[in-house]
Amino acid sequence: MAAFNKKEIIQTLEQIAVYLEIKGENAFRVSAYRKAAQALERDERTMAEIGDPSKLKGIGKGTASIITELMEEGKSSFLDELKEDIPSGLVALLSLPGMGGKKIGKLYQELGVENADTLRKACEEKKVQSLAGFGAKTEEKILKALDEFGKRPDRLPIAHVMPAAAEITRRLNEFTGIERFELAGSFRRGRETVKDLDFIISTSDPEEVGSQITMMENIETIVSNGVTKISVELSFGDRLVVPVDFRMVEDEAFASTLHHFTGSKDHNVLMRQRAKEKNEKISEYGVESTETGEVTTFKDETGFFAHFGLPYIPPEIREGYDELETEEEDLNLIKVSDIKADLHMHTTWSDGAQSVREMAEASRGMGYTHMAITDHSKFLRVANGLDEERLKRQQEEIRKVNDEFSDFTILTGIEMDILPDGSLDFSDDILKETDFVIASIHSAFKQDEKTIMKRLETAMNNPYVAMVAHPTGRLIGRRDGYPVDMERLIEMAAETGTILELNANPNRLDLASEYVKKAQEQGVKIGINTDAHKADMLAHMQTGVKAGRRGWLKKENVVNTWDVETLLSFLSKNR
Ligand code: DGT
Ligand code: CA
Ligand code: CA
Ligand code: ZN
């Protein structure tokens with residue numbers, strides 16, 4: 001296993017604390033791990049810069065040796081032992097709402113609860129309500145939550161299936177007998193959630209390919225096993241089961257099959273109408289003349305669309321709206337290669353895993369010409385947000401690193417919290433020294449829409465605020481975010497010249513595509529940013545761009561495609 005970065009080390013220390021709580025270890029031992037995690041979080045250096053962790057205040061000898069093992073080997077034998085000791089069904093219960101290590105520990109030690117079944121039994125026997133810290137209400141809540149627990153959701157968030165899709169792709173690349181293959185369906189169209197994954201494979205030997213598919217690692221169920229179509233359920237990790245369809249066709253039919261199973265259904269309906277007007281029928285194998293019965297096949301999808309007098313229609317907008325009626329230039333959507341900068345990311349100065357220099361080198365490695373470092377502000381204490389004094393020192397470091405590059409610019413930035421009372425975390429005289437000011441909401445999600453809108457309004461009216469980040473705060477499939485009147489937000493963005501962020505993190509992806517569309521129509525500029533907390537998250541740009549394409553987003557409306565001078569002059573116009 002590879003060495004762990006700082007973020008992973010902090011998370012592992014917190015995990016150890018939870019396991020110790022479950023085991024019923026004394027509070028002093030538990031808090032030693034939490035304190036060590038906090039000490040690392042508060043320190044703005046990377047692990048390499050820190051060197052010997054036992055020199056840090058708040059870290060004892062024992063914890064230091066665990067940190068060193070994590071740094072060097074990317075694992076902790078202590079945690080592995082804890083995992084052996086504690087029933088895995090018990091740990092899974094941590095995902096129940098309101099459950100932490102302490103509560104699970106009580107259930108385990110005092111009632112012998114080991115998994116969802118035994119917990120249900122204990123609740124039904126009314127044993128849980130008598131435990132200290134629980135009550136009749138809690139018991140009822142747990143029973144309710146257990147009904148949902150372990151149920152498979154109808155649709156899987158894209159963030160969960162992306163690693164699965166990448167893993168299957170990697171395996172198919174090693175198969176023998178495949179000529180080409182592509183991932184079709186809603187995943188190819190870039191939807192936020194998918195029901196299943198659809199792989200289209202061209203081969204002259206479907207049996208050979210099929211037998212490799214059914215012998216794949218971690219198949220949970222083979223749902224159906226035909227010569228041209230195999231449906232399976234693959235399990236990844238503890239709790240993720242992904243349904244996957246594989247369709248095998250001859251290479252000649254590949255383009256037609258790919259188009260057919262990319263969908264959407266509504267787009268396919270539009271295409272079939274077109275075909276009917278030409279006395280033709282579209283099938284997954286090609287286009288058939290209803291007069292002669294002759295079947296035409298295509299080299300690729302461009303050929304398929306050209307057959308109907310259409311330009312290539314990107315998968316992301318094949319949703320059955322007006323994509324067949326659109327001018328060719330409006331189909332020229334933003335591409336990953338248009339991106340020149342990532343303008344929202346974190347370093348060890350707040351809750352990121354890597355240093356300013358490391359993030360700069362990684363961003364430059366993405367082929368960008370510039371970037372902004374935007375750590376959290378002081379309100380966000382859990383993320384070690386910067387106060388005025390630390391911001392100043394951070395900016396000194398950014399300028400110093402910036403001077404080392406002749407072909408690359410690092411802008412100073414801040415992700416400033418909009419406080420629950422609607423005020424901003426920094427005063428204007430601090431903001432004016434910062435190149436790229438992001439405002440965002442990380443607290444009091446339960447406020448009503450009016451209060452939330454007031455908070456956003458204050459931020460947008462501030463002349464130094466360039467962008468509102470992740471405007472809804474949602475996490476796809478996990479939480480809805482805070483209540484926002486999106487129509488009004490877009491209007492205000494247009495009025496104030498504030499950029500709205502399409503957050504490229506696959507868990508977030510707000511703005512959603514319908515709002516990207518609206519914002520673009522109203523002349524609002526969009527920022528596509530990864531909000532990376534470590535270097536490899538910069539790759540999420542691809543997901544963000546895909547989400548933008550679903551909203552018909554064009555290059556010129558995305559601030560990340562501008563060169564640094566254009567960006568700076570846009571920002572100064574509003575100041
Ligand atoms: P989902 O629900 O996230 O899996 O969405 P899709 O679009 O991937 O749906 P899926 O997997 O059922 O089928 C993939 C595509 O294949 C779908 O977008 C259109 C095409 N398709 C599948 N079954 C039918 C059908 O019965 N009629 C038509 N017109 N198209 C179909
Ligand atoms: Ca699908
Ligand atoms: Ca399917
Ligand atoms: Zn952020």
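The values are calculated or read from the model by the stated rules, or taken from the named source; none is laboratory data. Predicted model only: the values in this text are computed from it and were never measured. No Cβ is skipped: glycine too gets one built from the backbone with ideal geometry, and neighbour counts run over all protein chains shown. Surface accessibility is based on the protein's heavy atoms, side chains included, excluding ligands, DNA and RNA. Shrake-Rupley method; radii C 1.70, N 1.55, O 1.52, S 1.80 Å.
Assorted remarks:
- Here the chain is treated with +1 on each Lys and Arg Cβ and -1 on each Asp and Glu Cβ, and its dipole about the Cα centre works out to around 1920 debye.
- Over all directions, the projected convex hull of the C-alpha atoms in segment 129-208 averages 8.5 nm² in area.
- Contact order for the chain, expressed relative to its length and based on alpha carbon pairs under 8 Å spaced 6+ residues apart, stands at 10 percent.
- Amide hydrogen proximity for LYS534: with H placed 1.01 Å from N in the peptide plane, the residues at 5 or more positions away or on another chain lying under 5 Å are ALA353.
- Above-threshold pairs, the threshold being 22 Å between Cα atoms, out of LYS57/LYS392; LYS6/LYS55; LYS6/LYS106: LYS57/LYS392; LYS6/LYS106
- Segment 6-149, accessible surface, carbon-and-sulfur percent (1.4 angstrom probe): 49 percent
- Cross-link pairs exceeding 24 Å in C-alpha to C-alpha distance, out of LYS35/LYS534; LYS281/LYS518; LYS35/LYS400, comprise LYS281/LYS518; LYS35/LYS400.
- Positive minus negative residues near GLY497 (Lys, Arg vs Asp, Glu; Cβ under 11 Å): +2
- Cα-based reach from LYS229 at 21 Å (exclusive), listing lysines while leaving out same-chain residues under 8 positions away: LYS195, LYS265
- Each Cα pair under 8 Å and six or more residues apart adds its separation to the average, and for segment 216-371 the resulting relative contact order is 14 percent.
- Within the accessible surface of segment 481-558, defined with a 1.4 Å probe on protein heavy atoms only, the carbon and sulfur portion equals 42 percent.
- Cα-projected label distance for ALA166 with THR326, points at 7 Å along beta-carbon direction, nm: 2.8 nm
- Close amide H pairs (under 5 Å, H built 1.01 Å from N) link ALA184 with ASP198, PHE199, ILE200, residues at least 5 positions away or on another chain.
- Sparse packing (at most 16 other Cβ atoms within 10 Å of the Cβ) combined with a DSSP loop state is found for the following GluC sites (Glu not before Pro) in segment 159-196: GLU174, GLU179.
- Theoretical FRET efficiency, 1/(1+(r/R0)^6), r = Cβ-Cβ of THR296 and ASN218, R0 35 Å, to 0.05: 0.30
- To the nearest 10, the accessible area of TYR108 is 60 Å² with a 1.4 Å probe.
- Per residue, the chain exposes an accessible area of 46 Å² to a 1.4 Å probe, with every protein chain left in place.
- Calculated mean residue ellipticity, 222 nm, the chain: -12500 deg cm²/dmol, from DSSP H runs (n ≥ 4) at -39500 (n - 2.57) each, averaged per residue and rounded to 500.
- Since only MET453, VAL524, VAL545 are under comparison, the one whose Cα sits farthest along the positive direction of the charge dipole of segment 440-575, derived from C-beta charges on Lys, Arg, Asp and Glu, is VAL545.
- Straight-distance crosslink candidates among lysines, where the alpha carbon sits under 25 Å from LYS525 and sequence neighbours closer than 8 are dropped: LYS335, LYS340, LYS432, LYS450, LYS454, LYS517, LYS546, LYS554, LYS555, LYS573
- Centroid-to-centroid separation of segment 521-553 and segment 193-272 [C-alpha atoms, Å]: 28 Å
- Net charge in the neighbourhood of ASP196 (other residues with Cβ under 14 Å of its Cβ; Lys, Arg +1, Asp, Glu -1) is +3.
- Charge dipole (segment 71-182, unit charges on Cβ, about Cα centre) - positive-most of MET71, SER88, THR138: THR138
- Here the relative contact order of segment 427-575, from alpha carbon pairs under 8 Å that lie six or more residues apart, stands at 20 percent.
- Here is the list for segment 305-347: trypsin sites (Lys or Arg not before Pro) lying in DSSP coil, each with at most 16 other C-beta atoms within 10 angstrom of its C-beta, are LYS335.
- 15 Å Cα-Cα reach of LYS137 towards aspartates and glutamates, excluding residues that sit fewer than 8 places from it in its own chain: GLU124, GLU125
- Applying the criteria of a DSSP loop state and at most 16 other Cβ atoms within 10 Å to the trypsin sites (Lys or Arg not before Pro) of segment 188-275 yields LYS195, ARG239.
- Gap separating the Cα centres of segment 1-56 and segment 493-514, nearest whole Å: 34 Å
- Euclidean distance between Cα centres, segment 318-349 to segment 124-188, Å: 29 Å
- Size of electric dipole in segment 473-575: Cβ of Lys, Arg +1 and of Asp, Glu -1, about Cα centre, debye, nearest 20: 260 debye
- Built amide H within the under 5 Å cut-off of GLU192, gap 5+: none
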